[in-house]
Amino acid sequence: MALEIAPGKTRIGWIGTGVMGSSMVGHLMAAGYAATVFTRSKAKAEALIGRGAMWAETPKAVAEQSDVIFSIVGFPCDVREVLLGTNGALAGSKPGNVLVDMTTSEPSLAVEIHAAAKTKDVHSVDAPVSGGDIGAKNATLSIMIGGEKSVVEALQPLFAAMGKTIVHQGGPGAGQHTKMANQILIATNMIGVCESLLYGYKAGLDLPTMLQSVGPGAAGSWSLNNLGPRIMANNFDPGFFVEHFIKDMGIALSEARRMGLCLPGLALGEQLYLSVKAKGWGRNGTHALMLALAEMANVDWRNRK
């Protein structure tokens, strides 16, 4: 493709400066790319504005000032609004611009965005990420990419500023399908993490000591080693919101039904997380599953001794 990515030349647009987005665009700015940002609450962008980012009143205005426009928002309906809406990024894009949606969203919507962008000679890539707030802050995200190969290759310098594992999975929607596979793994793994800690607690083990043994072994996982300590410290702040994870599981289950797949483990995970949300913890991190499972087991996790 004709677009040449270079600091000081390529203008970045960023839509969505939440838990992860603010760190991600911050890495791009630190790498020398000028940025124009938009988010629903301007207060969430103040720190970036203080570092030199320009503010735009709409996603359309972001695109009008940018060459590559990134989005990382909450739900598929938000993606549709900020990219395809009347005041969306596509409406403000010119031929040769690139839309990069990093939200975890519907594979079918990624295909739709790609088709709509193509009618304006605009490129589109779906590039959801894994790694949570820690990965975003440390620029170690895993980025799963769907789109045309030449476009993805041209964007590599930008992806490299935000992530460590960058893999082109295939055509439009392939990145989102890969993220669904990722979320399926997390859903059932998190059940195991929480139940293991519950078991260790009831058995009278010292949980940090237990983690020293099981964390590095075959049972180890990112969730256990990164979120296990947070669970033990009663820190349920979000690296990734429960309500957004429920959205992801719903997308994966819908895609599974369309393909005729039976995924009982994922279905159980969704039901357990729906209970977490019902108890008022939807804006906590995914590891807040522990609170619901502990309650089922009649364990007062927060006040344990």
* To do: Select the strands (runs of 3 or more DSSP E) contained entirely in the range 100-192, then report the ones holding at least 2 residues which are farther than 21 Å from residue 79 by Cα and out of contact with any His (no Cβ under 7 Å at 6 or more places or on another chain).
  => 163-170
* Counting only residues that are within 18 Å of the chain's Cα centre (by Cα) and among the aliphatic types (A, V, I, L, M), which one in the range 6-36 is farthest from residue 75 (Cα to Cα)? -> 28
* Which one of these does residue 220 not meet: (1) assigned to a helix (DSSP H, G or I); (2) of a type in the set (Gly, Ala, Ser); (3) over 29 Å from residue 73 (Cα atoms)? -> (1)
* Asked: Is it the case that residue 58 is surrounded by 21 or more Cβ atoms within 10 Å (Cβ to Cβ) and of a type outside the set (Phe, Trp, Tyr)?
  -> no
* Asked: Given the conditions (1) modelled with pLDDT of 95 or more; (2) assigned to a helix (DSSP H, G or I), which single one is not true for residue 244?
  -> (1)
* **Filter result for the condition that a residue is within 18 Å of residue 185 (Cα to Cα), at pLDDT 95 or above, surrounded by 17 or more Cβ atoms within 10 Å (Cβ to Cβ) and out of contact with any Phe, Trp or Tyr (no Cβ under 8 Å at 6 or more places or on another chain), over 263, 268, 211, 289** => 263
* **Members of the range 60-74 that are modelled with pLDDT of 95 or more and not in a strand (DSSP E or B)** => 60, 61, 62, 63, 64, 65, 66, 67, 72, 73
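The values are calculated or read from the model by the stated rules, or taken from the named source; none is laboratory data. Since this is a predicted model, take the numbers as computed values, not measurements. All Cβ positions, even for glycine, are placed from backbone atoms using ideal geometry, and neighbour counts span all protein chains on display.
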